[in-house]
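What follows is a short report on a single structure.
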C-alpha cells in the first residue's frame with residue numbers, strides 16, 4: 001500500500017505563490033472536510049456559525065471569532081453541527097513562506113521546530129485567550145492580504161504570519177496538550193482512502209495498524225471522533241458529493257463508484273449525512289455557482 005494515499009492531493013502553493021486562500025461554507029459548499037493531512041500550515045478564521053473540529057488529539061466545537069492553527073502533517077477534519085452552517089476563511093501555506101536559510105538561527109530555532117512538530121503551538125484560539133485582540137487583528141490582516149492577492153500584500157502577509165507565530169511561541173500558558181499519538185491510526189485512514197469503494201471491515205483496518213480490533217476501535221474513535229464504520233460512511237459520502245459536483249455521472253453510477261452496494265442504502269446514508277438527497281445536493285450546488 002502506498003502510505004501517501006491519505007495525504008491531501010490538492011496543491012496549495014507554488015514557488016511564485018506559496019499559499020492558497022479559500023472562502024468556505026459548511027455544509028453549503030461541501031458537506032465536511034474528512035480526516036486528512038498535508039505538509040503545509042493551515043489557519044482557519046471562523047466568521048460565523050459553528051462546526052466540529054478534530055485537530056490531532058484535540059476535539060472542539062468552533063464558534064464565531066475562533067482562530068484554528070494546524071501545523072504540517074497533523075491529522076485534522078471538520079464536520080458540520082446539526083442544523084448549523086459555518087462560514088470561515090482558510091489559508092493554507094508552505095513553510096517556504098517564512099523564508100531564510102536553514103543556517104539562520106531564527107529558522108533553525110524557531111521555524112524548523114514548528115515544521116517538524118518538535119514544537120507545538122495552541123491549535124484552538126478563542127476570544128477568551130489573553131492575547132486575543134492582537135491575535136484577531138493579526139489574523140484579520142493576514143486574510144485581508146490573502147484576498148488582496150498582490151506581491152506587495154504578500155510581503156505584508158509574510159510579516160503578519162511571522163508575528164502571529166512569534167506570539168504563539170512566546171505565550172506563557174502551560175496547559176497546551178502537546179501529545180500527537182494520532183499517527184498510530186494513520187495507516188487505517190490511508191487504507192480507507194485507497195479501498196473506500198470496496199467492502200472494508202474493522203478486522204482489516206485493525207490489521208493495517210497491527211492492533212486488536214477492540215483496542216483499534218477505541219483508538220480510532222479517540223483520534224477521529226467517529227467510529228471506523230461511521231467514518232467510512234462520511235468518507236464515501238464526501239467522495240459522492242465531489243462526484244455529483246464534478247462529473248455528469250448519474251446517481252446510481254456514483255453510488256456504486258463510492259462503495260455502496262444498493263441505491264436505497266446510498267440515498268439513506270446521503271440524506272442522513274448531507275441533509276438532502278443526492279439530486280437535491282447537485283441542484284443546490286449548481287444554483288450556488
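A compact table of results
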{"item": "Some residue of region 49-56 being surrounded by fewer than 21 Cβ atoms within 10 Å (Cβ to Cβ) and more than 13 Å from the chain's Cα centre (by Cα)", "result": "yes"}
{"item": "Any hit, region 242-257, residues being within 17 Å of the chain's Cα centre (by Cα) and within 24 Å of residue 52 (Cβ to Cβ)", "result": "yes"}
{"item": "Test for residue 122: is it outside any helix (DSSP H, G or I), buried (at least 18 other Cβ atoms within 10 Å of the Cβ) and modelled with pLDDT under 90", "result": "yes"}
{"item": "Residue within region 74-92 that is at pLDDT below 90, under 22 Å from residue 239 (Cα atoms), in contact with a helix residue (DSSP H, G or I) (Cβ under 9 Å, 6 or more places away or on another chain) and crowded, with 20+ Cβ neighbours inside 10 Å present", "result": "yes"}
{"item": "Test result for residue 128, outside the structural domain of residue 229 (by TED's automatic domain parsing), surrounded by fewer than 16 Cβ atoms within 10 Å (Cβ to Cβ) and assigned to a strand (DSSP E or B)", "result": "no"}
{"item": "Number of the exception - residue 197 against (1) under 30 Å from residue 254 (Cα atoms); (2) modelled with pLDDT under 85; (3) exposed (fewer than 14 other Cβ atoms within 10 Å of the Cβ)", "result": "(2)"}
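Conditions (1) in contact with a strand residue (DSSP E or B) (Cβ under 8 Å, 6 or more places away or on another chain); (2) part of a loop (DSSP other than H, G, I, E, B); (3) under 30 Å from residue 226 (Cα atoms), marked per residue:
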site: 84; (1), (2), (3): yes, yes, yes
site: 106; (1), (2), (3): no, no, no
site: 118; (1), (2), (3): no, yes, yes
site: 136; (1), (2), (3): yes, no, no
site: 141; (1), (2), (3): no, no, no
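The values are calculated or read from the model by the stated rules, or taken from the named source; none is laboratory data. Keep in mind that what you see is a predicted model, and the values were worked out from it rather than measured. Note that we place each Cβ from the backbone using ideal geometry, even for glycine, and neighbour counts take in every protein chain shown.
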